[in-house]
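Trainee: Okay, handing you the structure first.
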Amino acid sequence: MATGLVTHPDCLAHVTPAHVHEQPARLALVLQALDGLPLFRYAAPLASDAALLSLHSRAYLDHIRAAMPDTGFTVMDPDTDEETVLSPTSLPALLRAVGAVQKAIDLVLSGEVTNAFAAIRPPGHHAERELPMGFCFFGNVALGAKHALDIHGLDRVAIVDFDVHHGNGTQALLWDEPRALVITSQQMPLWPDTGDVTETGAHDNVLNVPLAPGSGGAAMRAAYEAQVFPRLDAFRPELLLISAGFDAHAADPLADLVWVEEDYEWLSHRLCDIADRYCGGRVVSTLEGGYDLSALAASAATHVRVLTERSG
C-alpha cells in the first residue's frame, strides 16, 4: 500500500500580511521537505457548501464570502484577533483545505492508500461554528470527521490533536457528536485559554490533556501513555484523524513545550500502532500550526516519513 499526499497550489494563494505568522512560506517549505518521500500525490478538490453546512451555518458561509476583499486584506475581528485575515485569493484556499481532508479520507477508506497527509493552509482547528479565529476559518478536521461518519457511514472516528494550542474549534464543533472522540493535548496556560480537563463533551467524548510550559517531550510521552492511548484503546476507532500542528517544537516562537523531531517521530509511530490495532492502519493527518519554518519543515517531514514507513 502507500501514503497519499493531498494538497493544491491554491493553498499557497491565501496571502497574509507580513506581520502574520501564518504565511504561504509555511506550506511551501513543508512541501519542499516532503519532496523525496515515496508519496502518491493528489489534488485537493473544492469543498461543497453541503459539506461546510454539516457543521457551519449558512449565515457564516455567507459572512465569509462577503468578507473577501477586492484588494488588500479583511481582518475578521479587529478587536480580538488581528491575524485572522482574508485576501482576494483566499476563498479557494479555504475550500481546498476542507476538500483536501475529505479527499484524503475518501482515499484511505476506499483502500487506495493506507494513510494520507493533507498538506494545506489555512489551518482549521480553532474555527468554531460561526467564528473564525487563530488563522482558521473552517473546521477542516472536524468536517472531515463528519464526512467519514455521515457520508462513509463509520460509527467511531477518533481525532488526536497534538498542536501546541488547544483545538477549541474541533472541540466545539464535535461537542455533541457521540460518534467522534476528540483528544487534544496543549500547552496550558496559552492562547486560546481553553482545554481544561473539565471540558469533556456532551457524551464524554472529549479528552483534554494540558501540558505545562517547558515540560518537554518526556512529559508528553508520559501523558499520552497514561491518558491518550488507553482512551483510544477503549474507543476502538474505525478511522484515526490527526491534527498535526508542529508548534510544540522547541524552536517555535509562539509557545514553550520544547519538543524535538524525535518526539514527533515517537508520537507518530504510537498513533500508527493504535490505527494498526483497530482500523487497518487507516490514518488521515492534516497540517495545523507550526511557525518556525525550519522546525516546521523538519518535523512535518519526520511525521510523514513515519506514515510512509507504516503504510506497507
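The values are calculated or read from the model by the stated rules, or taken from the named source; none is laboratory data. Since the model is a prediction, treat every value here as computed from it, not as a measurement. Please note: Cβ atoms are built from the backbone with ideal geometry, for glycine as well, and neighbour counts cover all protein chains shown.
Trainee: Quick check on segment 113-123. Is at least one of its residues in a strand (DSSP E or B), hydroxyl-bearing (Ser, Thr, Tyr) and touching a residue at least 12 places away in the same chain (Cβ under 8 Å)? Explain how you work it out, then say what you get.
Mentor: Of all residues in segment 113-123, those in a strand (DSSP E or B) come to 115-118.
Applying the additional criterion that residues be hydroxyl-bearing (Ser, Thr, Tyr) yields none.
Taking every residue of segment 113-123 in turn, none turns out to be in a strand (DSSP E or B), hydroxyl-bearing (Ser, Thr, Tyr) and touching a residue at least 12 places away in the same chain (Cβ under 8 Å).
Trainee: Considering only segment 223-233, state which residues are under 13 Å from Ala180 (Cα atoms) and either among the aliphatic types (A, V, I, L, M) or not in a helix (DSSP H, G or I) (or both). Before you say what the answer is, go through the steps one by one.
Mentor: Taking segment 223-233 first, the residues under 13 Å from Ala180 (Cα atoms) are 231-232.
Correct list: Leu232 only.
Trainee: Pairs needed: first member in segment 182-197, farther than 20 Å from Tyr224 by Cβ; second member anywhere, among the small types (Gly, Ala, Ser) and buried (at least 24 other Cβ atoms within 10 Å of the Cβ); C-beta distance under 8 Å; at least 6 residues apart or different chains.
Mentor: Going by the 8 Å Cβ cut-off, the qualifying pairs are Trp191/Gly134; Pro192/Gly134.
Trainee: Search segment 267-287 for residues being among the β-branched types (Val, Ile, Thr) and within 13 Å of Ala158 (Cβ to Cβ), and hand back the single one that is surrounded by the fewest Cβ atoms within 10 Å (Cβ to Cβ).
Mentor: The first filter runs over segment 267-287 and keeps only residues among the β-branched types (Val, Ile, Thr), leaving 274, 283-284, 286.
Among the residues that remain, those that are also within 13 Å of Ala158 (Cβ to Cβ) are: 274, 283-284.
Values: Ile274: 21, Val283: 29, Val284: 33.
Among those residues, the one meeting the criterion is Ile274.
Trainee: When segment 65-88 is examined, which residues are found to be of a type in the set (A, V, I, L, M) and touching a Pro at 6+ places or on another chain (Cβ under 7 Å)? Talk me through it step by step, then tell me what you get.
Mentor: Going through segment 65-88, the residues of a type in the set (A, V, I, L, M) turn out to be 66-68, 75-76, 85-86.
Those that are of a type in the set (A, V, I, L, M) and touching a Pro at 6+ places or on another chain (Cβ under 7 Å): Met68, Met76, Val85, Leu86.
Trainee: Would you confirm whether or not segment 203-211 contains a residue that is modelled with pLDDT of 95 or more, outside any strand (DSSP E or B) and in contact with an Asp or Glu (Cβ under 6 Å, 6 or more places away or on another chain)? Outline the logic, then answer.
Mentor: Going through segment 203-211, the residues modelled with pLDDT of 95 or more turn out to be 203-211.
Still in the list and also outside any strand (DSSP E or B): 203-205.
With in contact with an Asp or Glu (Cβ under 6 Å, 6 or more places away or on another chain) added as a condition, the list becomes none.
For segment 203-211, residues modelled with pLDDT of 95 or more, outside any strand (DSSP E or B) and in contact with an Asp or Glu (Cβ under 6 Å, 6 or more places away or on another chain): absent.
Trainee: Still on this structure, I have one more. Among the numbered criteria (1) of a type outside the set (A, V, I, L, M); (2) under 27 Å from Val108 (Cα atoms); (3) touching a residue at least 12 places away in the same chain (Cβ under 8 Å), which single criterion is violated by Gly153?
Mentor: Only one criterion is unmet by Gly153, namely (3).
Trainee: Considering only segment 133-148, I want to know if a residue exists there that is surrounded by fewer than 17 Cβ atoms within 10 Å (Cβ to Cβ) and over 26 Å from Asp252 (Cα atoms). Outline the logic, then answer.
Mentor: First, pick out the residues of segment 133-148 that are surrounded by fewer than 17 Cβ atoms within 10 Å (Cβ to Cβ): none.
The answer is no; no qualifying residue exists.
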